[in-house]
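J.: One structure follows; several queries about it will come next.
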Amino acid sequence: MKIQKTYGIYLFAISLFWALWLQLTAGPSNPHPKAKVETWFLRANETLTLPEFKTIDTRSFPSRVKEKLPNSIVLNWEDLSQKETPNRGKLLETKTLHKKLSSLGLESSDIIIVLGDGKNGWGEEGRIVWSLREVGYPKTFWFDGDVSNFKEVINQRKDKMVSQDKTNHSYLLAQKEIQFHTDITKDQISKQLSQGSYQILDTREPREFSGSTPYGEFRGGHIPGAKSFFYQNLFDDHAKIKTKEEVENSLTQLGITKSKPIIAYCTGGVRSAFVVGILRSYGYNAYNYSGSMWEWSSYKDLPLEK
């Protein structure tokens, strides 16, 4: 009788340990109910009231030639990423990135505004913001507007001599709550596919989702269970980012909720980083698969659907 009781206690302990282990290895956790909403992009009125900041210009070369932005740092998302298959699209090592960013005059304590091509681009501004935050530059934001809007802000700042009191900027203070590591790996995704632990968004064009490979994927299709959510759908008719309510409505129609973590992917983690920045700004627990289809499609044992 004593042996049976001891054995029962042993089985209970094993079961308890196993349940705890499954929770710990299930991947990104659900959002903490008291977590502050992160701010990844700023509109003109918010940028106008910022303390001193540095500017990164990640627009295309033709855009930079057409309309120059003085005193900005030119940076391409590829400058911070690996270029060799199957790691193409993934970030360089953190030490390498810190050295590169420091050589450009960027420090982790800086407020950094990133300008991109907006609706005419590929989400490069979101990718740069994601990359810098991933390696410890929490006060990095992209500007929601074009270069003309940005120049207007700069001119207004000069005219009004904007206050340098950082304590008035709640979106800056909130950055203390940032979870830096929002990157996710193919192994984490593959491990949990059958369990449905994540909600997966394919942020590419519908033709890519259906199997087209216009950007160098080894195989066509999408990750099983993924929902098609083209990143351009996040812009309104004025090429500005849609409101929280509009984005939530779109995701609800796809069956995407805030109850489970979201993984976004594209071809090389650029468009998906843009989407992740918006989703995290709107209270979703979103993660970027930087390897995306360049990596996933190169492994024949990883499943794809069409």
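The numbers here are math on the coordinates, done by the rules we state, and not lab data. Since this is a predicted model, take the numbers as computed values, not measurements. Cβ: placed from backbone, ideal geometry, glycine included. Neighbour counts: every protein chain shown.
J.: Distances over 13 Å make up what percent of all Cα-Cα pairs in the stretch 113-160?
T.: Considering the stretch 113-160, 58 percent of its Cα-Cα pairs are separated by more than 13 Å.
J.: What is the projected area of the convex hull of the Cα atoms of the stretch 186-296, averaged over all directions, in nm²?
T.: Seen from a random direction, the Cα hull of the stretch 186-296 projects 6.6 nm² on average.
J.: Per the Kirkwood treatment, what hydrodynamic radius in Å, one decimal, follows for the stretch 203-245 from the mean inverse distance over all distinct Cα pairs?
T.: So the Kirkwood estimate lands at 11.8 Å.
J.: Calculated FRET efficiency, Glu245 and Asn149, Cβ-Cβ r, R0 22 Å, to nearest 0.05?
T.: In this case the efficiency is close to 0.45.
J.: Let me ask another. Which order do the peptides 273-282, 75-84, 50-59 come out in when sorted by mean C-beta neighbours inside 10 angstrom, highest first?
T.: 273-282, 50-59, 75-84
J.: Tell me the label-point distance for the pair Ser212, Asn45, using the 7 Å Cα-to-Cβ offset, in nm and rounded to one decimal.
T.: Going by the 7 Å Cα→Cβ label model, 3.9 nm.
J.: Could you list which residues have their amide H under 5 Å from that of Val74, counting only those 5 or more apart in sequence or on another chain, with H placed in the peptide plane?
T.: Asp57
J.: Sticking with this structure for a sec: For a quick protection proxy, order the peptides 206-216, 254-264 by their average other-Cβ count within 10 Å, most packed first.
T.: With the highest mean Cβ count within 10 Å placed first, the list reads 254-264, 206-216.
J.: Mind pulling the per residue volume of the convex hull built on the Cα atoms of the stretch 55-119? Å³ is fine.
T.: Hull volume over Cα atoms, normalised by residue count, gives 110 Å³.
J.: Report the full-extension gain for the segment Ser109 to Lys68: residue separation times 0.36 nm, less the Cα-Cα distance, to one decimal in nm.
T.: 12.1 nm
J.: Continuing with the same structure: Straight-line reach from Lys160: which lysines have Cα under 20 Å away, leaving out those fewer than 8 places along the same chain?
T.: Those lysines meeting the cut-off are Lys54, Lys151.
J.: Can I ask one more? If the viscosity is 0.692 mPa s and the temperature 37 °C, what Stokes-Einstein diffusion coefficient in µm²/s follows for the stretch 41-177 when Rh is the Kirkwood radius over Cα pairs?
T.: The Stokes-Einstein estimate is 211 µm²/s.
J.: When you count, for each residue, the other Cβ atoms within 10 Å and take the mean per peptide, how do 244-252, 38-46 rank with the highest first?
T.: Answer by packing, highest mean first, reads 38-46, 244-252.
J.: Now for a different question. Tyr299 versus Lys83, label points 7 Å from Cα toward the beta carbon: distance in nm?
T.: 2.5
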